[in-house]
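The values are calculated or read from the model by the stated rules, or taken from the named source; none is laboratory data. Treat the numbers as computed from the prediction; the structure is a model and nothing was measured. Methodologically, a virtual Cβ is constructed for each residue, glycine included, from the backbone with ideal geometry; neighbour enumeration extends over all protein chains shown.
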Amino acid sequence: MTGVGREIGIGRSIAQTLQSDGWTVITTGWRAYDDKMPWGSDNTPLASIEVDLSDPSAPARLFAEVNENVGTVDALIMCHCESVNSSILDTTVESFDLHFAVNTRATWLLIKSFAEQLLADRPSSHRRIVAITSDHTHFNLPYGASKGAMDRIVLAAAVELAHLGVAANVINPGATETGWIGADLASTIEGQNLQPRIGTPQDCANLVRFLCSEDGKWINNQLLNSDGGKLP
């Protein structure tokens, strides 16, 4: 699992849920990212492996380390992201490139390394790729654009890696309370939701749990909205 850091985050909730289901979960995080964000990092022990996914050599090194110390990886859950708000007019080239390096290129390279280690392993139908995305675009240009490209890569993996027994899906959890939603925004979100409420990290974790289970194997090549439903 990538993108596991703060206790309140989606990644940590998914990791804990999968662990409770009996999965051996290897988590990765990058504290420097949380440190630079408005919410900051917390005192939660860092993920199993700290890795900077803006480095193109990081995914291959990560899988080499995990394969040597743990064994073949059967599921790749990607929650990592670079997300700094900016618009068409004020996005810098440096920020644009960093978003695509972390959100898009790293996703491709992680999937590539995941597939390569499966080539020499025994056949199995219980292999999963799940990535967490977003449909946000305006005033969050590089994040939204790079996540959109990420979606296409994951859905391509469902087709290209089918012979390895891999099912690949993308989840859009909608607005999720991980420490960034203020009171005014919360009221707006609740007013637009059919439930109405704001999503929790556990909501997303529950869907990842299902997709990674034997019961979820028939769900494949999908971008799934798990957001409580929005008013038309």
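Any residue in the stretch 30-47 that is modelled with pLDDT under 95, acidic (D, E) and in a loop (DSSP other than H, G, I, E, B)?
yes
Could you check, for the stretch 110-122, whether at least one of its residues is closer than 18 Å to N225 by Cα and not small (G, A, S)?
Within the stretch 110-122, the subset closer than 18 Å to N225 by Cα is none.
For the stretch 110-122, residues closer than 18 Å to N225 by Cα and not small (G, A, S): absent.
Is it the case that R197 is more than 17 Å from the chain's Cα centre (by Cα), farther than 14 Å from C81 by Cβ and without any contact (Cβ under 8 Å) to a residue 60 or more places away in the chain? Reasoning before the result, please.
On the way: more than 17 Å from the chain's Cα centre (by Cα): yes; farther than 14 Å from C81 by Cβ: yes; without any contact (Cβ under 8 Å) to a residue 60 or more places away in the chain: yes.
Here the answer is yes, as R197 does meet what is asked.
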Give the stretch 190-215 a look and list any residue that's of a type in the set (A, V, I, L, M, F, W, C) and closer than 26 Å to A15 by Cα, or say none.
-> I198, C204, A205, L207, V208, F210, L211, C212
Within the stretch 4-28, which residues are touching a residue at least 40 places away in the same chain (Cβ under 8 Å), of a type outside the set (A, V, I, L, M) and in a helix (DSSP H, G or I)?
-> G11, R12, S13, Q16, T17
Counting only residues that are farther than 20 Å from G71 by Cβ and either surrounded by fewer than 16 Cβ atoms within 10 Å (Cβ to Cβ) or of a type in the set (F, W, Y) (or both), which one in the stretch 117-147 is modelled with the highest pLDDT?
-> Y143
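Can you name the residue in the stretch 57-87 that is closer than 22 Å to W180 by Cα and aliphatic (A, V, I, L, M) and is also modelled with the highest pLDDT among such residues? Let's see the steps before the verdict.
Just the residues of the stretch 57-87 that are closer than 22 Å to W180 by Cα, to begin with: 78-87.
Now restrict to residues that are aliphatic (A, V, I, L, M): 78, 84.
Details: M78: 98, V84: 92.
That would be M78.
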Taking the stretch 155-187, which residues are in contact (Cβ under 8 Å) with a residue 60 or more places away in the chain, crowded, with 16+ Cβ neighbours inside 10 Å and among the aliphatic types (A, V, I, L, M)?
-> L155, A158
